[in-house]
Amino acid sequence: MMSRKTLDLWVGVFVAIGFGALLFLALKVANLSPFAGANSYQINAKFDNIGGLKVRAPVKSAGVVVGRVREIHFDNQTFDAVVVMSIEGRFEFPKDTSAKILTSGLLGEQFIGLAAGGDSVNLKNGDALKITQSAVVLENLISQFLYSKAADGGGDKKSDGKQQ
């Protein structure tokens, strides 16, 4: 039979392994994992409106995560949001690639979708994407819908003003 000290040691080891596993999973879920590839390059894109895009949001192409949003800042000259993306080195995109801010599901997190162009020259570190499409903001869509209904007079026009 195991002695009390040996049993306590093994329980401690398993508890430490459990905490380590929970920490690893928490970092993975929060996209804070330090295990990202060091071989990457940065590209920039300007957007009129980034919606709820956040740093460390995924950058996807054809549904595959190819990088992460590294930094977001405001350009005082053009009044646009500048998004700096870190793309893994094994993924190469043509210079005329376009970027669009998309949403996972109806109210999910926002991410950047890249659509490859047809240029023979590839993007390199520090390049800027020329073709971008801003985020679709749900509040703006609702207000446009309401204003268009108000302009139509409520939308329900059953009579043309003549009495029958």
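Residues in the stretch 97-143 that are acidic (Asp, Glu) and crowded, with 16+ Cβ neighbours inside 10 Å: Asp127 only. Where strands (runs of 3 or more DSSP E) fall wholly inside the stretch 54-101, the ranges with 1 or more residues that are acidic (Asp, Glu) are 64-75, 80-88.
Is it true that some residue in the stretch 19-37 is open to solvent by 60 Å² or more (accessible area, probe 1.4 Å), in a strand (DSSP E or B) and within 29 Å of Ile131 (Cβ to Cβ)? Within the stretch 19-37, not a single residue is open to solvent by 60 Å² or more (accessible area, probe 1.4 Å), in a strand (DSSP E or B) and within 29 Å of Ile131 (Cβ to Cβ). Scanning the stretch 1-60 for residues that are at pLDDT 85 or above, among the small types (Gly, Ala, Ser) and more than 24 Å from Thr78 (Cα to Cα) yields Ser3, Gly12, Ala16, Gly18, Gly20, Ala21, Ser40.
The values are calculated or read from the model by the stated rules, or taken from the named source; none is laboratory data. Keep in mind the model is a prediction, meaning the values are calculated, not measured. Positions of Cβ are backbone-derived with ideal geometry, glycine not excepted, and every protein chain shown enters the neighbour counts. For the accessible areas, the whole protein counts, side chains as well, though only heavy atoms, and no ligand, DNA or RNA atoms are used. Shrake-Rupley method; radii C 1.70, N 1.55, O 1.52, S 1.80 Å.
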